Amino acid sequence: MGNLKNFFRDDQSFDRLYPEHFRCISKKHWTPLLVAQQAAEFLAWPDAKILDIGSGVGKFCMIGAKMYPGTVFFGVEQRQELVSCAEDARKTLGLQNVEFIAVNLVQLDFSGFDHFYFYNPFFENIDFANRIDDSVETSVALYAYYTLYLRTKLDNMPVGTRVASYQGPGNEVSENYLLSQSLLGGLLNMYIKTR
Ligand SMILES: C[S@@+](CC[C@H](N)C(=O)[O-])C[C@H]1O[C@@H](n2cnc3c(N)ncnc32)[C@H](O)[C@@H]1O
């Protein structure tokens with residue numbers, strides 16, 4: 001495998017951790033290295049627990065975990081195949097501060113986490129042309145349901161909770177969150193709960 005640092009050089013290098021069928025959809029579905037680094041910088045604190053909502057093959061979590069060994073990165077993902085792939089990559093990298101959870105987000109207790117990241121996870125419910133696979137149910141009704149579910153969960157988190165959202169529509173975050181930074185022409189938005 002050579003020097004493990006080489007995986008973190010650029011996106012092409014990192015995506016070598018994954019099998020070809022997941023590598024070739026990276027540009028569309030997985031967080032770019034630079035975005036993961038910027039989001040992790042905003043979210044990571046010593047001893048904090050960060051959750052990637054819809055963690056896919058774990059790219060955000062593993063890039064963050066490598067940068068911040070004192071922070072624990074969790075990923076919740078509904079597709080078991082992606083979780084297995086993420087876990088294989090985690091083992092290759094030897095990262096101890098990452099954990100992947102194979103459930104639908106509605107089955108997860110959010111109270112164990114401090115700060116949150118997501119890359120437009122529910123878009124597959126309204127973007128019929130670009131799904132990862134057909135293994136999960138998708139629908140316009142589910143898009144609305146998941147979005148409201150996440151918004152409500154985030155709204156119940158304590159003041160000071162941080163959220164980084166990549167390519168999201170913004171409606172997962174209520175007016176109780178203040179937009180703190182907006183990067184990459186508005187694609188990466190960082191919020192802090194203020195009330
Ligand atoms: C655009 S991908 C982003 C993957 C990863 N966060 C990254 O940035 O590399 C969105 C992921 O969210 C997952 N997802 C969508 N709805 C979900 C749900 N209700 N529960 C858990 N995972 C979900 C999808 O399976 C997909 O892997």
(message) Restricting to the range 151-183, count the residues that are outside any loop (DSSP other than H, G, I, E, B), crowded, with 19+ Cβ neighbours inside 10 Å and among the polar types (S, T, N, Q).
(response) 1
(request) Please list, ordered by first then second residue, the pairs with beta carbon atoms under 8 Å, 6 or more apart or interchain, first in the range 184-195 and more than 13 Å from residue 42 (Cα to Cα) and open to solvent by 40 Å² or more (accessible area, probe 1.4 Å), second among the hydroxyl-bearing types (Ser, Thr, Tyr) and in a strand (DSSP E or B). (result) 187/166; 194/177
(request) Name every residue in the range 72-99 that is under 22 Å from residue 38 (Cβ atoms) and in a strand (DSSP E or B), in order of residue number. (result) 72, 73, 74, 75, 76, 98
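Every residue, every condition in (1) basic (Lys, Arg); (2) within 13 Å of the ligand (Cβ to nearest atom); (3) within 15 Å of residue 164 (Cα to Cα), yes or no:
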{"site": "6", "(1), (2), (3)": "no, no, no"}
{"site": "27", "(1), (2), (3)": "yes, yes, no"}
{"site": "50", "(1), (2), (3)": "no, yes, yes"}
{"site": "62", "(1), (2), (3)": "no, yes, no"}
(request) Spot the failing condition for residue 95; the list is (1) away from the ligand (no atom under 14 Å from the Cβ); (2) open to solvent by 30 Å² or more (accessible area, probe 1.4 Å), and only one is missed. (result) (2)
(message) Please pick out the residue among 47, 52 that is of a type outside the set (Gly, Ala, Ser) and surrounded by fewer than 16 Cβ atoms within 10 Å (Cβ to Cβ).
(response) 47
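Specify which of the listed residues (42, 8, 113, 14) is open to solvent by less than 60 Å² (accessible area, probe 1.4 Å), of a type in the set (Phe, Trp, Tyr) and under 24 Å from residue 136 (Cβ atoms).
113 is the lone residue from the list that is open to solvent by less than 60 Å² (accessible area, probe 1.4 Å), of a type in the set (Phe, Trp, Tyr) and under 24 Å from residue 136 (Cβ atoms).
The values are calculated or read from the model by the stated rules, or taken from the named source; none is laboratory data. Everything numeric here is computed off the predicted structure, so don't read it as measured data. Cβ coordinates were reconstructed from backbone atoms using ideal geometry, including for glycine residues, and neighbour counts include every protein chain displayed. Ligands, DNA and RNA are stripped out before the accessible areas are found, and what is left, the full protein with its side chains, is counted by its heavy atoms. Shrake-Rupley method; radii C 1.70, N 1.55, O 1.52, S 1.80 Å.
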